[in-house]
Structures are given as structure tokens and as C-alpha cells.
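Visitor: Pasting a structure below so you can have a look.
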Amino acid sequence: MDSLLIKGGTPLRGEVTVSGAKNAVLPIMAATLLTPEKCVIRRVPDLSDVQFMGQILASLGAKVSVNGDTVTVQAGKIKPFGDYDLIRKMRASICILGPLLGRLRHSRVSLPGGCVIGTRPIDLHLKGMEALGAKLTVEGGYVDAKAKRLIGTDIFLGGRAGPTVLGTANVMMAAVLADGVTTIESAACEPEVVDLAFFLSSMGARISGAGSPTITITGVKELHGVEHEVIPDRIEAATFAIAAAATGGEVTIHGARPDHMSAVLDKLRDAGVRVERKGLTLSVRRNGTLRPVDVTTQPYAGFPTDVQAQMMVLMAMTPGLSIITERIFESRFMHVSELARLGAEVSIEGPSAIVKGGRPLSGAPVMASDLRASAALVIAGLSARGSTLVNRIYHLDRGYEKIDQKLRGLGARIQRVEQP
Ligand code: UD1
């Protein structure tokens, strides 16, 4: 199992280019199941989650080929059953439920796995499928959904923590081939949902309102093949921006969508980081000491839960007190105990982490627990004095394309080491 060995203390400097968004490409790959025609997806990041999704599509009968950052899928003849072992490895595999149900009127997928960040129910996905007319059974770790007909209807998808991103994607993908009109209320507004809606519309679907809390889908009889370029990964871009600030460096981030990152950029500016945006380029620089800021995670356009851990590292290095409140996922503070090993002072009170910042961090061996926690540990290691060994980095490889190479390009002293 690989680890990352980081020698900290070097400010990151230089230029880096953002990859395509993991959270956009996974549902888009699932959406290729909606047509027997060929779909070409460009700007696909080379991630283990993307490989898993390719394998899942292949296990359903689709032809999948990869050429550089282009993935081609042709789901000519497919079956409704997914491979349990593949599907349980990745939470996003749940989003094959909607397209299989839409196209075949039958879908059986295993209850998904993925990052261990609290309980991750799929009740809203199932509620949506049922509302469209599917009969569901949950048995032996599988969800089986069958429908003679799918019929458009009004579906409220707001949950305890607000809208659901993949739930919205799933219902949209089932509804595009349903009879009549479906209206999703309390839909997720994330840019990745908008990118999926754009992909589906290019396939011939009739969708309006994506990006707002009300999405209307008018079912069509069939969809056709399409070519599409995935949006840039706003979470990766935010991770580089925070790493630049945390190490006291200056980084230019190319190929980003700053308009998808307003909440993060606003907080960084409040903290005293210099952020300049010019088209698709972001320049981030830290001048001197930062100020503590409070952060609360929210659905888009609020501060993303996927950047909470990285921001905590920045606050741990900033003199003063800051409160980081997690409103999307319970137990998404697994990084706190590992950050403490590097010297960060953070205590947890219910959904909030109280960060007493300003104590210098010093390197130590740490264990990555989930994808974004791993990114936070890498930033902490880059900022700390001495050496940090981040273990279990397979989490990072799920969501960050060539992160070690990209960081080395910015002057970081970071190496992948194989652990026996
Ligand atoms: C997606 C992202 C993930 C991000 C998350 C929130 C992908 C592949 N993953 O995950 O990186 O952290 O959005 O921005 O796109 N919930 C329910 N019932 C459900 C579904 C969700 O109660 O049926 C709850 C969840 O427990 C959580 C909240 O709703 O509290 C938001 O989860 P959701 O938006 O569904 O996350 P994902 O789509 O799985």
C-alpha cells in the first residue's frame, strides 16, 4: 500500500492545471447507460474511482475504452445487474440505479460503500425511484427496482441535511425516459448536477431549471450518443489554493472555474489570502500572517463539505480561534485526531470543531481516513516542519489526479513510497 513522504516547510510556487471534476464525471459515465449509442467524454481525470466506474459499466455489458483523458462508452446491450464487489467499493456507484431503471425498467445494485464519513443513507434516491413508479425491494445488501412504466410526478428531495447531490442526479437520470413531466423540488444546485443536466440535454433530454432548487424534466422516448467535456474540479482547485496559502507560497491555478468556488475564495480573502481571478485562472498568494475565520459547510453555493478538512489545516496555522461547523455529514472530523499528531489544537463540540490556531505544526506519521481528510493531511505535511508520512493514500488516488506529481511541479518535496 502506497504512502506519501513529505518534507515540509517549502512554500508552494508555480503553476498548476486543474483536472476534470470527479463528482461530475462519475454520474455522467453512469448516464451513458441511457443510450445504446456511443458517448465520448473528454477531460476525464485519471482516478481510481473513474476506473471503478468504467469497470462497473463494463460489467453491465457496455464497451468502455480510455484514450488519454477521453473515455468512450457504448452501452449497446446491457443488463440490469451490477457486480457487487465493484459497486460496494464506491459510493457513487449508486448512480447507476437511475439510468438502468430509466432504460431497462429494472435495476439491481448493491448498497454502496465509499468514504467512511458518517452514515450515508440512500433513502432519498429510493423515494425518488418509488415516486416515479418503481417497486423496490432491499434485500441481502441489494436494492432491486422494477417498473412496468415510469411516470413523471412531483418529487421533493430535501433531506435532513438539505438536498442530495447524487440523489438529484439519479432521479434526473430515471426521469428523462419516463412518461410525462417530473418536477424535482429541493434539488441539489451543485455545478456537477448542472453538468450532468447539460450532458443529458445534449443526448436529447428535456430538462430545465438545473442549478436551481426546482428542476423540470419532460420525458422523451429515447436518447442518443453525445460528446462532452467535463467541468473543472472545483474541490481540487480549492485544495491547491489552500495549500498555497498554508505553505505561504504563490500559486497560479489554470483551467479552474472560479465562479464555482465563490464561498471558498470569499473565506480565503476574509482570512487575508490574496486571491485574484482572471477568466479561468486563479492566483493565490499569502502575504504575512492570516486571520481566523469561522466556516460552516452548506449545500452549494455555500462552503463545500469537501473543503472543510483542508480549511481546518489553514485555520490550525492561523493565530487565533476559529469555529468550523459541519452541517452536511456527521462524523466528518476524522482528520482531527490525525492533525493533532502534527501539533494542531482542535477540539470537537457537537457538529463544530474549535480550532486554536497558530501553534507550529511538526511532521509525524499519519493515517488517511477518507478522501478529503487525506488532502488535508497532505497540506498539513507540506506546511509542517520535518517529515510527514501519510499512510493509506489509496483514498487520495480516488479523487486527486497525480497529486504528488502536481505538487512536485510546485516545488513540494513529496514522494510516493511503497509500503511492504
Ligand atoms: C456528493 C459528493 C460528495 C459530497 C456530497 C455533498 C459525489 C460522487 N460525491 O455525495 O463528494 O461530499 O455530495 O456535497 O458527487 N442524504 C440522505 N439521504 C439520501 C442521500 C443523502 O439523508 O438518500 C444525506 C447525506 O447523509 C448527507 C446529505 O444528505 O447528510 C448530503 O448528501 P449527498 O448530497 O447525497 O451526498 P452524495 O451525493 O453522496
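The values are calculated or read from the model by the stated rules, or taken from the named source; none is laboratory data. Keep in mind that this is a model prediction, so the values were computed, not measured. Reconstructed Cβ throughout: ideal geometry from the backbone, glycine too, with neighbour counts over all protein chains shown.
Results for (1) part of a loop (DSSP other than H, G, I, E, B); (2) modelled with pLDDT of 95 or more; (3) aliphatic (A, V, I, L, M), shown as yes or no for each residue.
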{"position": "23", "(1), (2), (3)": "no, yes, no"}
{"position": "27", "(1), (2), (3)": "no, yes, no"}
{"position": "30", "(1), (2), (3)": "no, yes, yes"}
{"position": "40", "(1), (2), (3)": "no, yes, yes"}
{"position": "46", "(1), (2), (3)": "yes, yes, no"}
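Visitor: I'd like to verify a number: residues in the stretch 361-393 that are more than 20 Å from residue 237 (Cα to Cα) and not aliphatic (A, V, I, L, M), how many?
Guide: Going through the stretch 361-393 one residue at a time, the tally reaches 10.
Visitor: Kindly indicate whether any position in the stretch 399-419 is touching a residue at least 12 places away in the same chain (Cβ under 8 Å), surrounded by fewer than 24 Cβ atoms within 10 Å (Cβ to Cβ) and within 16 Å of the ligand (Cβ to nearest atom).
Guide: yes
Visitor: Same structure, new question: When residues of the stretch 1-54 are filtered for being under 21 Å from residue 86 (Cβ atoms), surrounded by 18 or more Cβ atoms within 10 Å (Cβ to Cβ) and among the polar types (S, T, N, Q), how many remain?
Guide: 2
Visitor: Given the residues 352, 347, which is the only one that is crowded, with 16+ Cβ neighbours inside 10 Å, over 19 Å from the mean Cα position of the chain (by Cα) and modelled with pLDDT of 95 or more? I'd like the intermediate steps shown before the answer.
Guide: Details: 347 fails: crowded, with 16+ Cβ neighbours inside 10 Å.
None of the other options fit; the residue is 352.
Visitor: Also: Out of (1) crowded, with 17+ Cβ neighbours inside 10 Å; (2) under 20 Å from residue 238 (Cβ atoms), the odd one out for residue 341 is which?
Guide: The number of the failed condition is (2).
Visitor: I would also like to ask the following. Of everything in the stretch 355-383, what is among the acidic types (Asp, Glu) and at pLDDT 95 or above? Give them in sequence order. Write out each step before concluding.
Guide: Of the stretch 355-383, the ones among the acidic types (Asp, Glu) are 370.
Correct list: empty.
Visitor: Looking only at residues in the stretch 282-308 that are away from the ligand (no atom under 16 Å from the Cβ) and part of a loop (DSSP other than H, G, I, E, B), which one is surrounded by the most Cβ atoms within 10 Å (Cβ to Cβ)?
Guide: The selected residue is 290.
Visitor: Can you name the residue in the stretch 275-320 that is within 24 Å of residue 192 (Cα to Cα) and of a type in the set (S, T, N, Q) and is also farthest from the chain's Cα centre (by Cα) among such residues?
Guide: 283
Visitor: Please return the ranges of strands (runs of 3 or more DSSP E) entirely within the stretch 54-166 where 1 or more residues are free of Cβ contacts under 8 Å to residues at least 12 places away in the same chain, within 15 Å of the ligand (Cβ to nearest atom) and over 23 Å from the mean Cα position of the chain (by Cα).
Guide: Working: elements: 63-67, 70-74, 106-110, 135-139, 142-146, 154-156.
Here the list reads 135-139.
Visitor: Further question: For residue 322, work out the one condition from (1) out of contact with any helix residue (DSSP H, G or I) (no Cβ under 8 Å at 6 or more places or on another chain); (2) among the hydroxyl-bearing types (Ser, Thr, Tyr); (3) assigned to a strand (DSSP E or B) it doesn't fulfil.
Guide: Tallying (1) out of contact with any helix residue (DSSP H, G or I) (no Cβ under 8 Å at 6 or more places or on another chain); (2) among the hydroxyl-bearing types (Ser, Thr, Tyr); (3) assigned to a strand (DSSP E or B), residue 322 fails exactly one: (1).
Visitor: Could you tell me whether any residue of the stretch 169-185 is away from the ligand (no atom under 16 Å from the Cβ), more than 15 Å from residue 100 (Cβ to Cβ) and in a loop (DSSP other than H, G, I, E, B)?
Guide: Yes, the stretch 169-185 contains a residue that is away from the ligand (no atom under 16 Å from the Cβ), more than 15 Å from residue 100 (Cβ to Cβ) and in a loop (DSSP other than H, G, I, E, B).
Visitor: Here is a follow-up. For residues that are surrounded by fewer than 23 Cβ atoms within 10 Å (Cβ to Cβ) and of a type in the set (D, E, K, R), scanning just the stretch 221-238, find the one that is nearest to residue 99 (Cα to Cα).
Guide: Residue satisfying both the conditions and the ranking: 222.
Visitor: Within the stretch 309-321, take every residue that is away from the ligand (no atom under 16 Å from the Cβ) and within 24 Å of residue 256 (Cα to Cα) and give me the one that is surrounded by the most Cβ atoms within 10 Å (Cβ to Cβ).
Guide: Initially, the stretch 309-321 is screened for residues away from the ligand (no atom under 16 Å from the Cβ), giving 313-321.
Going one step further and asking which of them are within 24 Å of residue 256 (Cα to Cα), we end up with 313-315.
On the way: 313: 31, 314: 29, 315: 28.
Ranking the qualifying residues of the stretch 309-321, first place goes to 313.
Visitor: Determine whether the stretch 359-368 contains at least one residue that is away from the ligand (no atom under 14 Å from the Cβ) and closer than 29 Å to residue 259 by Cβ.
Guide: To start, the set of residues in the stretch 359-368 that are away from the ligand (no atom under 14 Å from the Cβ) comprises 359-368.
Those left that are additionally closer than 29 Å to residue 259 by Cβ: none.
There is no residue in the stretch 359-368 that is away from the ligand (no atom under 14 Å from the Cβ) and closer than 29 Å to residue 259 by Cβ.
Visitor: Kindly evaluate residue 185 against the criterion of being surrounded by fewer than 21 Cβ atoms within 10 Å (Cβ to Cβ), more than 25 Å from residue 49 (Cβ to Cβ) and modelled with pLDDT of 90 or more.
Guide: Values: surrounded by fewer than 21 Cβ atoms within 10 Å (Cβ to Cβ): yes; more than 25 Å from residue 49 (Cβ to Cβ): yes; modelled with pLDDT of 90 or more: yes.
The answer is yes for residue 185.
Visitor: May I pose another question? Condition (residue is away from the ligand (no atom under 16 Å from the Cβ) and of a type in the set (Ser, Thr, Tyr)) applied to the stretch 245-263: is it met by at least one residue?
Guide: yes
Visitor: Name the residues in the stretch 214-241 that are over 30 Å from residue 276 (Cα atoms) and within 16 Å of the ligand (Cβ to nearest atom), would you? Break it down into steps so the answer makes sense when it comes.
Guide: Looking only at the stretch 214-241, we keep the residues that are over 30 Å from residue 276 (Cα atoms), and these are 214-227.
Passing the criteria: only 215.
Visitor: Which helices (runs of 4 or more DSSP H) sit wholly inside the stretch 357-420 and have at least 1 residues that are charged (D, E, K, R) and in contact with a strand residue (DSSP E or B) (Cβ under 7 Å, 6 or more places away or on another chain)?
Guide: On the way: elements: 371-383, 394-399, 403-408.
Of the helices (runs of 4 or more DSSP H) lying wholly inside the stretch 357-420, those with at least 1 residues that are charged (D, E, K, R) and in contact with a strand residue (DSSP E or B) (Cβ under 7 Å, 6 or more places away or on another chain) span 403-408.
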